[in-house]
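Step one of this worksheet: look at the structure below.
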Amino acid sequence: MSDVVAPLFSKAEEKKEKTTKASFTKVAHKIYFKPYLFGTSNKGVSHLLRSVAAAYLLKGENKFKIIAYENAADVVEHLSREIKDIWEDGKLYEIQGIGASIASHLDEYFKKGYSTHFVTIFKGIPFTVFELTKVRSIGPKKAFKLVDNLKLYNPESLFEDLKTACLEGRVALLPGFGKKSEKEILNAIEHYLQAKDKIYRMTLPYAYRLAEEIIEYLRKNPKIKRVEALGSLRRMAPTIGDIDLAAVVEKDDFQAVIDYFTKYPKAVKVENAGVTKASIIVHPDVRVDLRVIEEESFGSMLQYFTGSKAHNIKLREYALKKGYSLSEYGIKRLEDEKLFKFSNEEEFYKFLGLSYIPPEIREGEEEIDLALRKSLPKLVKLSEIKGDFHVHSSYDLKPSHDLGTHSYEELCKEAMSLGYSFIGFSDHNPNMSNNSREEIVTILKERKTYIDKIISSKKFERIKIFIGLEVDILPDGSLALPDEAFEYLDFVIASVHSSFNLSISAMTKRVLKALSYPKVKILGHPTGRLLNKREGFELDWEKVFEFAKKKSIALEINSWPERLDLPDTLVKEAGKYGCIFAINTDAHAKEHLANMRFGVAMARRGYLTKEQVVNAWDLDKIERWIRS
DNA sequence: GCCGTTTTCGGCCCGACTGTTTTCAGTCG
């Protein structure tokens, strides 16, 4: 603790604390408050706010104040941008759920590394209490009891010390604890320590496959009439934390079905199992929840279990004002306690005077407002997609990046089987270091001749072929392609594939320069993110959106499961800005064309209609756009 | 402490599961 800068409270204050706050007088320890003790990442700030809520809870503060801080913590945790960047833009006050008070404290925290208000709230509570609350099944009250009774004041050895106490049976002796909770705490610490550095969340397709396997197992049980994947999977969130399932079962069979579920062969652990729900852990550490419900309430259950949590809370608040209380069992009219049940979701929303809200946008933003005014956008559908602009083939033009595995012909065939009316071949540009300018021009000329031959062969008459190229945006913003080569192309997708660490302004300048080239029609995977591997880079999005809109350049929604880029939240912003989009798969094999549905899901999550999506336009409109 | 198309005051989602209790508190989603 050599980098300790300022004590949380001085010796004199500590003494005073002991005489004034009865419940904390026993705490004999020193807490030190380092600047940025909680860090400035979204995760860190979220934990800071949650810690304030915990401190308030321990001190018996007004429970709605506590809820406000917990809510703010949730909001920060789920922000799509870093809160520190938002603060730097001076837009802290615009975040829904963070009001003037919390915003001013955070402003101070970002400026100075601490907030005097928070420091006051934390007084008398060891920092280790907040650390402990990160462990599953340990909340503020248990954490405080453990820290206080076992004198766990050293953050460095906190978890080891608590483990030792469990093993020595000292935890079970504490009031409110017993043998079982002691064992549970031991397990939970082990789990926490193992999972601590893992930020891993499943990609959508991975979670789908996993869910399918379990659903298949459940369907073998004749007592289960219907089973669905709900939660973030149904909302098509970019990454999935755990899998939520719901099953329709006769009431008498609830227990039997729960038992059957907990005996799933690949379950490594049964987390909990009650009468109506159970949770298991499946290799490799994925939590799967199952809820069982009778047919007549399945609509309410679908609604409840699809979430999101934020959507449900807002919906329940809205319903409450109308005199109704919502739950997974139905809608209860408060004046006479009558429960209305719903076997489908459409009726559920209709009863509340709302139009049906598609799962993809149930994120607790403006969707309930829009549904109330019957002005939800008609979201683009997979069936409206007429083609794919970003497909890599096995044609060898000595590219800078990887080739695809299938030929133009094979890809055309696959696209036709999907009912597409066009395909755009966008192989990577030839490598600039191994090929001279002249060679590159020749390579592209020959490629055009080759593709033109396929077109004139009339073998694929039903499908329009566009000759595109995915071209690297070099660090200085120029494109990795000689000017003379552009004439052999119908369109260019400009993408950043290197030098991700430029400043926001340099990166923005770089991208805008690249978009100024003729024939650039699409900005490829605009943030460069790789889920679980690499954060996307920041751009001055307003400038980029403005420029793209002016030049009718489509922002790509790349459907590659690890990209899903533009991210849904930026899709929404850009959509409001008036931008157009191209949903592409970035396929490197014909099977990858099927990933389109994930890109469409991101577009839907971004509130897009087919008018905003270039590849949902009529072919002649697409051709006019390409030529413009 | 947050929020607003019945509110700038007066509300604030709802229920299940577990363990430690003899009726409930804590935690979670």
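Points to keep in mind about this one:
- For A:Lys445, the lysines whose Cα falls under 18 Å of its own Cα, not counting residues fewer than eight places away in the same chain, are A:Lys398, A:Lys453, A:Lys519.
- The lysine pair count for the stretch A:299-372, using Cα distances under 15 Å and pairs eight or more places apart or on different chains, is 8.
- FRET efficiency for A:Ser375 and A:Tyr450, using Cβ-Cβ distance with R0 set to 51 Å, rounded to 0.05: 0.55
- Less than 5 angstrom separates the built amide H of A:His406 from those of A:Ser394, A:Lys590, all sequence-distant by 5 or more or on a different chain.
- In this view, the solvent-accessible surface of A:Glu538, computed with a 1.4 Å probe and all protein chains in place, comes to about 50 Å².
- Pairs of lysine residues in the stretch A:202-293 that meet both criteria, 8 or more places apart or on different chains and Cα atoms under 16 Å apart, total 9.
- Portion, in percent, of the accessible area of the stretch A:451-592 that falls on carbon or sulfur, probe 1.4 Å: 51
- Calculated [222 nm] ellipticity per residue, helices only, for chain A: -12500 deg cm²/dmol; basis is -39500 (n - 2.57) per DSSP H run with n ≥ 4, divided by all residues, nearest 500.
- Ligands, DNA and RNA left out, the accessible area of the stretch A:360-415 computed with a 1.4 Å probe is 50% carbon and sulfur.
- Residues of chain A: accessible area per residue with a 1.4 Å probe, Å²: 46
- When a 1.4 Å probe is rolled over the protein heavy atoms, the share of accessible surface on the stretch A:11-197 that falls to carbon and sulfur comes to 53 percent.
- Extent along principal axes [Cα atoms of the stretch A:83-185; Å; largest to smallest]: 52, 23, 21
- Antiparallel bridge percentage (DSSP; both residues within chain A; nearest 5): 50
- For the stretch A:202-293, DSSP calls about 75 percent of its internal beta bridges antiparallel.
- The stretch A:541-587-the stretch A:325-402 distance, computed between alpha-carbon centres (Å): 20
- Of the residues A:Lys225, A:Lys576, A:Lys59, ranked by 1.4 Å probe accessible area with the largest first, the sequence reads A:Lys576, A:Lys225, A:Lys59.
- Cα-based convex hull, chain A, per residue volume (Å³, whole number): 189
- Annotation for A:Glu384 and A:Glu538: the two label points, set 7 Å from Cα along the Cα-Cβ direction, are 3.4 nm apart.
The values are calculated or read from the model by the stated rules, or taken from the named source; none is laboratory data. These numbers were taken from a predicted model, which means no experiment stands behind them. Quick reminder, even Gly has a Cβ in these numbers, built from the backbone with ideal geometry, and neighbours come from all protein chains shown. All accessible areas refer to the heavy atoms of the entire protein, side chains included, with ligands and DNA or RNA removed. Shrake-Rupley method; radii C 1.70, N 1.55, O 1.52, S 1.80 Å.
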